[in-house]
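> Here it is, the structure in full.
The values are calculated or read from the model by the stated rules, or taken from the named source; none is laboratory data. Please read all numbers here as calculations on a predicted model, not as lab measurements. Here the Cβ is made from the backbone with ideal geometry for all residues, glycine too, and neighbour counts use every protein chain on show.
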């Protein structure tokens, strides 16, 4: 039986510009990043050692893990740069109206 993906509604003003915020959706911690009027949603845990990506610095469309510096593209979750590891899961951030986004968890891959 197919189940619906977990989701949450967030207001754009709840997310600071150019900084991350952690949000729990179900049992998943999601890192949200607001860059201009775009919202990006990635798993909040760095696959290298579990660092909180929501606390990492943003630069050139990427977030860096605050623990070891692994970098991930906000638009795809792809690991980039000199220190690469597994990609992080990217979640759908769909604009509902000019003030709100719906964040829907992406399926887990094995």
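> Kindly indicate whether residue 102 is surrounded by fewer than 20 Cβ atoms within 10 Å (Cβ to Cβ) and under 23 Å from residue 7 (Cβ atoms).
For residue 102, the condition - surrounded by fewer than 20 Cβ atoms within 10 Å (Cβ to Cβ) and under 23 Å from residue 7 (Cβ atoms) - is met.
> Regarding residue 72, is this residue within 20 Å of residue 10 (Cα to Cα), part of a strand (DSSP E or B) and either touching a strand residue (DSSP E or B) at 6+ places or on another chain (Cβ under 7 Å) or free of Cβ contacts under 8 Å to residues at least 12 places away in the same chain (or both)?
no
> Can you tell me which of (1) at pLDDT below 95; (2) in a loop (DSSP other than H, G, I, E, B); (3) crowded, with 17+ Cβ neighbours inside 10 Å is the one residue 77 doesn't meet?
(1)
> Moving to a separate point now. Only one of these is within 17 Å of residue 109 (Cα to Cα) and exposed (fewer than 15 other Cβ atoms within 10 Å of the Cβ): 27, 11, 89. Name it.
27
> Kindly indicate the residue of the stretch 32-54 that is more than 16 Å from residue 12 (Cβ to Cβ) and part of a strand (DSSP E or B) and also nearest to the chain's Cα centre (by Cα) among those meeting that condition.
42
> Which residue pairs have Cβ atoms closer than 6 Å, lie 6 or more positions apart in sequence or on different chains, and pair a first residue in the stretch 40-66 that is on the phi > 0 side of the Ramachandran plot with a second residue that is not in a strand (DSSP E or B)?
From residues that are on the phi > 0 side of the Ramachandran plot, the pairs are 61/74.
> Another question about this same structure. Considering only the stretch 16-24, I want to know if a residue exists there that is more than 23 Å from residue 86 (Cα to Cα), within 15 Å of the chain's Cα centre (by Cα) and assigned to a loop (DSSP other than H, G, I, E, B).
Within the stretch 16-24, one or more residues are more than 23 Å from residue 86 (Cα to Cα), within 15 Å of the chain's Cα centre (by Cα) and assigned to a loop (DSSP other than H, G, I, E, B).
> A further question follows. Just a yes or no: is a residue in the stretch 87-107 more than 23 Å from residue 10 (Cα to Cα) and in contact with a strand residue (DSSP E or B) (Cβ under 8 Å, 6 or more places away or on another chain)?
Yes; the residues of the stretch 87-107 include at least one that is more than 23 Å from residue 10 (Cα to Cα) and in contact with a strand residue (DSSP E or B) (Cβ under 8 Å, 6 or more places away or on another chain).
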